[in-house]
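Chemist: Starting off with a structure, shown below.
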């Protein structure tokens, strides 16, 4: 009797398992398509990242440039001292070849992607470089990079955006010189395919406005000086 009962349980389990397998299989083509689409998007950014790693080999070894795949997209981070003189928003001539390499990869592999350029500073108040605040300096530097990508590298203007955050999106501790150096940066972000330029600009614009308000409140609150 126990033997027949065990056999019956095995048969019931087999039928149930088959039903689950059939239901899973029915949904599989759709799931497979979604997975393929997601993989393609990731593969495109991964291919671009590998190309940039090869073409920016010298810059990456110098520690002033980094590449990272994030939820925001492919982020190319460049230290401000590679791009600009202290307190200035005019690009150094030696930065041109690096930016051209970035633009070439975007045009070759990701020409249908939108690109955001974001400027950042440390939290030391400006006193002598002529800028009203860190916010204006970061925005001017982001715009300088954008204009080079547009005017000298032939990127499409409708796919480019520039924004400045001042000191309000740090990636390191501003209480140390090493941390402040890391925070002074420009990021070129190759956006995910499903993120439109309009939605990106609206979101980043709100964040930048919040940064501006905080910057204005903090003006005069620090006695430190820095040329950035």
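Chemist: For 147, 120, which order do you get if you count the other beta carbons within 10 Å of each Cβ and list the fewest first?
Modeler: Arranged by neighbour count, lowest to highest, 147, 120 become 147, 120.
Chemist: A follow-up question, please. Round to the nearest 0.05 the FRET efficiency obtained for residue 96 and residue 129 when R0 = 22 Å and r is the Cβ-Cβ distance.
Modeler: So the FRET efficiency works out to roughly 0.45.
Chemist: Listing 128, 148 from the residue with the fewest other Cβ atoms within 10 Å to the one with the most, what is the order?
Modeler: Ascending Cβ contact count within 10 Å gives the list 128, 148.
Chemist: Ranking 113, 185 by Cβ neighbours within 10 Å, fewest first, what do you get?
Modeler: Least crowded to most crowded, the residues run 113, 185.
Chemist: In addition: From Cα coordinates alone, what are the radius of gyration and Dmax values for region 110-158 in angstrom?
Modeler: Radius of gyration, then largest Cα-Cα span, for region 110-158: 13.6, 42 Å.
Chemist: Applying 1/(1 + (r/R0)^6) with R0 = 30 Å to the Cβ-Cβ distance of residue 53 and residue 171, what FRET efficiency is obtained, to the nearest 0.05?
Modeler: 0.90
Every read-out reported here was derived from the displayed coordinates using simple, explicitly stated rules and does not represent laboratory data. The structure displayed is predicted, hence computed values, not measured ones. All Cβ positions, even for glycine, are placed from backbone atoms using ideal geometry, and neighbour counts span all protein chains on display.
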